[in-house]
1. Please work out if Gly149 is without any contact (Cβ under 8 Å) to a residue 24 or more places away in the chain and on the phi > 0 side of the Ramachandran plot.
2. Name the residues in the range 138-193 that are under 18 Å from the mean Cα position of the chain (by Cα) and of a type in the set (A, V, I, L, M), would you?
3. Specify which of the listed residues (Arg182, Arg177, Arg123) is within 11 Å of the ligand (Cβ to nearest atom) and under 23 Å from Ala66 (Cβ atoms).
4. With respect to the numbered conditions (1) within 12 Å of the ligand (Cβ to nearest atom); (2) aliphatic (A, V, I, L, M); (3) surrounded by fewer than 18 Cβ atoms within 10 Å (Cβ to Cβ), which one is the sole condition not fulfilled by Leu45?
5. Just to be sure I understand, how many residues within the range 91-100 are within 12 Å of the ligand (Cβ to nearest atom) and more than 18 Å from the chain's Cα centre (by Cα)?
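Just so you know, all these numbers are worked out from the coordinates, no wet-lab data involved. Since this is a predicted model, take the numbers as computed values, not measurements. Every residue, glycine as well, gets a Cβ built from its backbone with ideal geometry; the counts of neighbours run over all protein chains shown.
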Amino acid sequence: MKLIFATNNAHKLAEVQAVLGDGYTLATPRDCGVEEEIPETQPTLEGNALQKARYLHERTGLDCFADDTGLEVAALGGAPGVRSARYATEGHDFAANNRLLLRNLEGREDRRARFRTVIALIRGGEEHLFEGIVEGRIVDRETGCEGFGYDPLFVPDGYDRTFAEMTPDQKNAVSHRGRAVRRLVDFLRTNER
Ligand code: IMP
C-alpha cells in the first residue's frame, strides 16, 4: 500500500518506514511534485499535523499523513512545544535549539520533559488523529550522534542513554513517533479497504 508522508526529513522518513514495515511504501511530497515547504502555522501539534495533511491531500488527491512533534519541558511550562523546530531561530537549526534549551535549564533541578507526536491521516477523504508520547528528562550536555534534533539531550524514562546513543530500532521501540506510527499501523490493519 502506498501512502504519502508529508515530510522531506530523511531521518523521520527512515524511522517511520522502519515501523511501517514492508507492506507500506512511503512517498514524499517531492515524489508527488510538491516542492514547496508545506505551511505549519497553527498553534497546536494537532492543528499543524492536520494543516500539513490537508495541504498535501488537496494537491494530490491521494491518501496521506503528516506528523508534528514537540518537546515539552516541565520547568519551561511546556516550551518549546509546538515551536520546537524554531525555538532559537526561524530556521531549523538543531545545534542552536539545543544550546538555547541547555541555557534555559541552567541551574534547574527539574529536568522532566516529554516528546509528543501527533499524526494526522487522511484516508478516503476522512481525517484521523494518532498520538504518541515518551516521558523522560533533559541531560546537561549533548551526548551521542545518532538521530536528530533534541535527541542528544533526551533520556527516556527507564534508560540511562540519550536517544542519540541508541540505534534507530532502539529509539523506535520507545519513542513518541514510534508509538504514534504503531497506532497508525494498527488502524490501517484493522480497517483495511
Ligand atoms: P516537526 O515539526 O515534527 O518536524 O518537529 C519539530 C522539531 O522537534 C524538530 O525540528 C526537532 O527539533 C524536534 N524533533 C521532532 N522529532 C524529534 C525526535 O524524534 N528527536 C529529537 N527531536 C525531534
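1. No: the conditions fail for Gly149.
2. Ile138, Leu153, Val155, Ala164, Met166, Ala173, Val174, Ala180, Val181, Leu184, Val185
3. Checking each option against the conditions leaves just Arg177.
4. If we test Leu45 against (1) within 12 Å of the ligand (Cβ to nearest atom); (2) aliphatic (A, V, I, L, M); (3) surrounded by fewer than 18 Cβ atoms within 10 Å (Cβ to Cβ), just (3) comes out false.
5. Final tally of qualifying residues: 2.
Let's see how each residue does on (1) under 29 Å from Arg137 (Cα atoms); (2) within 12 Å of the ligand (Cβ to nearest atom); (3) not small (Gly, Ala, Ser):
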| site | (1), (2), (3) |
| --- | --- |
| Leu56 | no, no, yes |
| Gly61 | no, no, no |
| Asp67 | yes, yes, yes |
| Ala74 | yes, no, no |
| Ser84 | yes, yes, no |
| Ala88 | yes, yes, no |
| Leu102 | yes, no, yes |
